[in-house]
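Each remark here refers to the structure printed beneath this line.
A short reminder: the numbers here are calculations on the coordinates, not readings from a lab. As the structure is a prediction and not an experimental result, all values here were calculated from the model. No Cβ is skipped: glycine too gets one built from the backbone with ideal geometry, and neighbour counts run over all protein chains shown.
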Amino acid sequence: MSVYTSITRDELIAFLDQYAVGTLIDYQGILSGIENTNYFVTTSQGAFVLTLFEQHPAHQLEYFLQLMQFWAERGIPTARPFPTHQGQLLSHLKMKPAALVQRLSGTTIQTPSNQQCYELGQWLARMHLSAQHFPLYRAPDRGHQWRMQTGLALLNDFPKPEREILQAELRYQAQLDWSALPQGTIHADLFRDNALGIDNHLTGIIDLYYACYDAWIYDLAIIINDWCYDNDQLQPQRFSACLKGYQSVRQLIPIERRTIVGAMRAAALRFWLSRTLSQRSPPAGALTFLKDPNEFKIKLLSIIEATPRLEAHWRTL
């Protein structure tokens, strides 16, 4: 989340006239993140988040908004989109697609606890299972083919040490058979700053704008890489809590167990590559800092070095 597009109070009041949300009290920009423009909006009838979509065209957004509504209706703590008077989930502001969604309670997670990791694993499994009945489909835009193609395209842009790391990882990833893994609708970006909590418990899951159809184990790997690491060191208790929470709802099958470490490496590779692209071609007008791609290059190296140990630890769970 970020602020690329500035809006005035009068523009926001006119926008809110489309909704049955009362009168505007206050609003402020949200400066974290890198994708869309977001504002906290408080009205006489509640608290909301306004998103102006900077990357996705309007025709792509129905998928995300309907998925948010679908999961919220099934007890997943995602922000429910608020409809206009005409029942539309998507509107426009400053000539950009815009949506008003429920503001969830809680604050972003800084240092996850074991309990929060366990609950996150549970919620992720419930998201996966419930979305088997979600009728819409979106292909992954950061999936296996993207990682392989983008990695090859960037090879010559890296200095020799990084180029050798990337070449070796692309060879490793080419051996993984993603088509054989159980797949479905996934969040695909559930970092700790995309979740909310209060008093050691999770209260919300936000920012679904990378959601797509991909391997479930890849979604689990993304959260492990963020929630279960501190200073590029895996925290075994959090790792165990996350996996146990997930499996308390849905048991992983043997091929997923064999692929978990490979999926962690794929997830680290994805964010190393995507952040590198964002850093080299930053969005115009950003009022926030882009995230450092080196964080995930270092994390990838850490996972590679720890692969035998991680696989052995997994067999004990």
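Points worth noting:
- Along region 195-212 the Karplus relation, 6.51 cos²θ - 1.76 cosθ + 1.60 evaluated at θ = phi - 60°, assigns HN-Hα couplings of 9, 10, x, 9, 6, 6, 10, 7, 10, x, 10, 10, 6, 8, 7, 10, 4, 6 Hz to successive residues, with x for each Gly and Pro.
- With Cα atoms, 0 to 90° folded angle of helix 236-247 axis to the chain main axis: 70 degrees
- For mean projected area of the Cα convex hull in nm², the value computed from the atomic coordinates appears in the list (i) 16.0; (ii) 23.0; (iii) 20.2 under label (i).
- Highest average first, the peptides 220-226, 122-128, 132-138, 164-170 ordered by how many other beta carbon atoms sit within 10 Å of their residues are 220-226, 122-128, 164-170, 132-138.
- Student exercise, region 9-103 dipole from Lys, Arg, Asp, Glu Cβ charges, in Debye to nearest 20: 140 debye
- Inter-label distance for residue 298 and residue 175, nm, one decimal - labels placed 7 Å from Cα along Cα-to-Cβ: 2.8 nm
- Mean Cβ count within 10 Å, highest first, over the residues of peptides 273-281, 35-43: 35-43, 273-281
- The stretch between residue 6 and residue 201, if pulled fully straight at 0.36 nm per residue, gains 66.8 nm over its current Cα-Cα span.
- Acute angle (nearest 10 degrees) that the helix 144-154 long axis makes with the longest principal axis of the chain, alpha-carbon atoms: 80 degrees
- Helix axis angle, 294-315 relative to the chain longest principal axis, alpha carbon, degrees: 60 degrees
- Estimated vicinal HN-Hα couplings, Hz - region 119-129 in sequence order (Karplus 6.51, -1.76, 1.60; Gly, Pro = x): 5, 4, x, 4, 5, 5, 5, 5, 4, 4, 5
- Here the peptides 51-57, 228-234 are ranked by packing, the mean other Cβ count within 10 Å, and the order with the highest first is 51-57, 228-234.
- Theoretical gain in end-to-end length, residue 253 to residue 74 [0.36 nm per residue, Cα-Cα removed]: 62.0 nm
- Proximity of backbone amide H atoms, modeled 1.01 Å from N, is registered between residue 113 and no other residue at under 5 Å, excluding neighbours fewer than 5 places apart on the same chain.
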